[in-house]
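One structure below.
We did not get these values from a lab; they are worked out from the coordinates using the rules stated. Note that the structure is predicted; figures quoted are calculated from it, not measured. Positions of Cβ are generated from backbone atoms using ideal geometry, with glycine treated the same way; all protein chains shown enter the neighbour counts.
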């Protein structure tokens, strides 16, 4: 509360009457509740779900890294070979390209993992975005 | 009457009982509406702003820290919503001629002279409020109508306590100047 002495000395107090508060118009609460009803049934629910997004992303990233480190080297090589042959096999409606020269460049193995990882995470991120956008 | 605090209803809402929000709206609607009205100076806009503020409060109820007062938190939302709205939609400057000459203009069919005088003073304050900037309007409203301390105002507005004192002093001076001018005009009118 304001200090009583200051209260008396303040000349503006002569004009301002705190009890002359503007009252909210009739039906105010029901209007707010209607607006809430229109868009909030999923608000609290979806906010709960949306809060999970970073955890899901972190979990998937950890799994991906774990997979990269735990899968035996030979199997991974098989996997990357399969992936390369799949990429080379894409020749529908796009001009045939000679990809072999590109993939013959000797790269450290980690780049292949990183490339695949980014690709998987991007697809996963788009899927999550699509799912939670729908929820919203 | 069974009185329950805001925290009780907030916990109910967070548990999924959306209807509990109506108790919160009922309890704080006039304070929210009054603050919005003092800042924007228009009843229709004030209603819209107060409703928007409640909606914002509902949507971000999870971010509300139960340790602080819900009213202060809500005031902050209303204050920021109203200030941003007024900044976007700046109106033309009111002239002294826009204000009615004296209390007799406020006498209706069922009003006494005393009520008309109160109505006159209230309108005079609203008029003076519209002549100062939106931030000052908010501070005046919180200090005089809601009778908040500078500490509480600082919590709502995010302005430092010393800065609030300076701004309140300036706003008070400006308003008194405007009121004086109107009162002088009233005297000239009666001569």
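Taking every residue in B:17-23 and counting other chain Cβ atoms within 10 Å of its Cβ, the average works out to 3. As a rough footprinting exposure proxy, the listed residues A:17, B:175 were ranked by other beta carbons within 10 Å of their own, and the order from fewest upward is A:17, B:175.
When each of B:85, B:28 is scored by the number of other beta-carbon atoms lying within 10 Å, the sequence from fewest to most is B:85, B:28. The range B:6-34 and the range B:71-90 have Cα centres spaced 19 Å apart.
Shielding value for B:138-145 is 3, the average number of Cβ atoms from other chains within 10 Å of each residue's Cβ.
In terms of its Cα atoms, the range B:1-91 spans 43, 28, 20 Å along the principal axes, sorted from long to short. By the count of other C-beta atoms within 10 Å, a proxy for reagent exposure, B:20, A:30 are ordered fewest to most as A:30, B:20.
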